[in-house]
1. Give the angle, between 0 and 90 degrees and rounded to the nearest 10, that separates the Cα long axis of helix A:2-29 from the longest principal axis of the Cα atoms of chain A.
2. Restricting to DSSP loop positions (anything but H, G, I, E, B) with no more than 14 other Cβ atoms inside 10 Å of their own Cβ, which trypsin sites (Lys or Arg not before Pro) remain in the range B:210-300?
3. Using only the alpha-carbon atoms, how far is helix B:6-15 inclined from the longest principal axis of chain B? Give it as 0 to 90 degrees, nearest 10.
4. Where does chain A land at 222 nm, in deg cm²/dmol rounded to the nearest 500, when only DSSP H runs of n ≥ 4 count, each adding -39500 (n - 2.57), divided by all residues?
5. Pairs A:Lys85/B:Lys504; B:Lys153/B:Lys187; A:Lys55/B:Lys199; B:Lys31/B:Lys519; A:Lys55/B:Lys47: which are spaced more than 31 Å apart, C-alpha to C-alpha?
6. Cut-off is 10 Å between beta-carbons; in what order do A:Phe100, B:Phe259 appear when sorted fewest neighbours first?
7. Test of understanding: what is the full-extension gain from A:Tyr4 to A:Met282, defined as 0.36 nm times their sequence separation minus their Cα-Cα distance?
8. Using Cα pairs closer than 8 Å and at least 6 residues apart in sequence, work out the relative contact order for chain B, in percent.
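Here, each number is a calculation from the coordinates, and none is a lab measurement. Everything quoted here is computed from the prediction, not taken from an experiment. Note that we place each Cβ from the backbone using ideal geometry, even for glycine, and neighbour counts take in every protein chain shown.
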Amino acid sequence: MINYIIRRLLFFIPLLLAVSFIGFVCINLAPGNYFDSLKQNPQVSQDTIRLYEQKYHLDQNVFTQYYYWLVNISKLDFGYSFAYKIPVFEVLKSRMFNTFILSLSVLLFSWLIAIPLGIYCAVNQYKFTDKLFSFFSFIGLSIPSFFFALLLLYFASLTGILPAGGMHSLNYEAFSPLGKFLDLLKHLIIPTLVIGTSSIAGLQRLMRGNMLEVLRAQYITTARAKGLPEYRVIYLHAVRNAINPMVTIFGGSLAGLLSGAALTEIICNWPGLGRLMLDAVMSQDLFLFAGDLLMISFLLILGYLIADIVLAWVDPRIQYQ
Amino acid sequence: MKVIKTVFSLILLLFLPFFIAHPECACAKNKPKYGGELVLSTVTDPKSFNPIVSKESNVGAIMGLVFEGLTRTNGVTTEVEPNLAQSWEVSEDGKVWTFHLRQDVNWSDGVPFTAADVVFTFNQLIFNLDIETSSRDVFTIEGKIFKVEELDKFTVRFILPVKFAPFLRGMGQEILPKHLLEKVVSKGKFNYHWGLDTKLEDIVGTGPFMLSKYLPAERITLVKNPNYWRKDKQNKRLPYIDKIIYLVVQNQDVAVLKFEQGQIDYYGLRGQDYPILKPKEKEGNFKVYNTGPDFGTNFLLFNQNRDKNKKTKKPYVSEYKLNWFTELKFRKAVACAIDKDSIINIVMNGLGSRQDSAMSPSAGFFYNPNVEKYEYSIEKAKVLLKEIGIYDRDQDGIAEDDQGNKIEFNLFTNSENTQRLALANIIKKDLEQLGFKVNFVPLSFNQLTSKLDSTFDWDALILGFTGGIEPHFGNNVWQSSGHLHAWYPKQPKPATSWEAEIDKIFNQAVQELDRDKRKQFYDRWQEIVAQELPLIYTVLPQSIFAVRNKFGNLNPTPYGGAFHNLEEIYIK
């Protein structure tokens, strides 16, 4: 097992190199660079723009740019953001916590609802409740998140129960620690609902499908035939087996903890990484984009590694050599 | 003068970092009160608090409350007036300016403001080649920088290489504290100083407010500077308001919701918001102000580039197209075919103004209303086209020129601006009525820029520049050698006699210190532009905003927006 993990970790290096290089190529394929936005300002001379481009090697080809970036990365220097003029890591750090909180809340919300719901629907297949939940699942899957967010915000502004976006109340500073926590929870509700709904819908359908598959297996019939109580059949035998694919999906969603959801963040005014990165890509803030890409891809492959390890633990049939 | 979204330009107006001291005071009955807070919103999160390095408009707006220049622009009259400098004189040749600074100004940390700070800001920040700032280009004339020297503790002398008429307006440049930044500059770290990770109490200015708290992508809080030097008529220290909060709200629909909920005190309206918000004025306790035409222009232009691509030896614009585009009657016909009233009604919900002159009517002094105007008339346009041999010969619905070429061309605009897209669609329809085949393609902003300044492979464009009140700051657009002379940039020598005349006007006007004589130059320039139509102006959005009814001394103007005199505004 240890050997396997070390091998997987070593494999991270070429993977991350490939991902970051593709990122560099993609951003270079788009016309222009970050400093193009200055070109429409009649008070900025072309020499000034050329000076900036030289300073950051933007006048060179993509290989040279990538080389300079790699050299810095090897010294653990992610470079400075063009727009923010501070180290890339500082920019990411300022939003990381907010994104993490929201994603965690979404993760808990969606998994804690979707898994039991999936099991319930599978067990009660084709009954009224199953159909009802399926109906809502399809609505959840098909409603555009920005529209759902606006709808909820409109509702919030009509009733005044929930805050219309943002992460902290204006007088947040004055609250007690408990008050601060409750304030945060209140602000979390709408974005969590918006992002969570679509993922609940998807996860619920998946879990239901897995479960149905397993319930049709012969060992379930055997278990029932030998007189095991139904709850033991479902929870001990069926769920244990149906959960395997979900573990892999869960590993993948670990990367989502820090990737953010730009559209919802913009509408709900959530100060997360998603909209920061959207801006960075739009304005071609190269080093910020590359740094974030590196971080997200690292988390993604780490997530899958963890999923694989957990899978081995959940299912004794799986062994890594 | 970058191309911006119209929505954004409304917001921009609010944040123009200029303030005035003398509002028309019909408010003598209401005695100003101290205290209270003002909540504003901004579309984009600031990216840096460094006013020299970061030139974003929204940062400029906020930092304009923290820092001040030697002069400032009056939000009502748009005149230059004293700020940190209380008076100045200029030598007879117009090149040596001596400024006498106020002696009662302290930085917000209590250290006195002196001439050394001014000299430091110019010599060690703006003219320091290691520092990334576009301010350097503003203070560089014909490749030469200004000489700035300290005469005594409160007197500074600027020696200019040549006469420069917009000099005083340029002196609105923010002055930064030497005592805090000298070490940073000598270590070469200024480019990265005062970023978003800075402790805000280290950012020290002379302005009415200082930064107090920043929550990334959520809000910026400013509190009043207890050391601010300006006093009201009763000799009490300004500002009246204790606290200003900028909420970062990226989505305009959410901003409306927040305004209606009473969470923010100000909202810059888009055309579509007007019918929603106007009827709610009483109920919501706010007032909608329309201060008239804005500064953000929208115009159509044709590629008149007569050069050849150096690599492929092909002309940038094929010869027959160039013949149309350089033909004045062709451009006049197009100007007559644009239905400005429809654009205003359909795209702007009736809240726009037609633009005939190269300057916005709100620009005040330098605006020339007496230029040639082109009324909508398809018949007149067709007559003009027939005179140059363009009409539909084979009855297929598409006009041909006298060599039989079909009048077909590409029309580009930037896809980020939805209002401009709608405008472009109407213009396309108008041009089709003339029998033109127009292939309209929206492009991303960067793609458009690279077409404009390096590949030159375009036929027609719809663009916008944010205009201002100082014509000379559009120098790069109007001089034939300028890189933003969009229809034919960087000409070695003027291609036409009217371009030569505009070059001459701009060169003479910048050296003319007498305002009225300067105005004559710029009046003539606006006449030529309307006559020759290198840019065919269409419509200007109007500057409309809603402000909660709780402020005293409020005096909204087209140039300054609602809060140009923020330090004098109080909460009733």
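1. 50 degrees
2. Taking the range B:210-300 and a limit of 14 other Cβ atoms within 10 Å, the loop trypsin sites (Lys or Arg not before Pro) found are B:Lys233, B:Lys236.
3. Long axis of B:6-15 versus the principal axis of chain B: about 20 degrees.
4. The helix-only estimate for chain A comes to -23500 deg cm²/dmol at 222 nm.
5. Going by Cα-Cα distance, A:Lys85/B:Lys504; B:Lys31/B:Lys519 fall outside the 31 Å limit.
6. Lowest count first: A:Phe100, B:Phe259.
7. Answer, rounded to one decimal: 96.1 nm.
8. 22 percent
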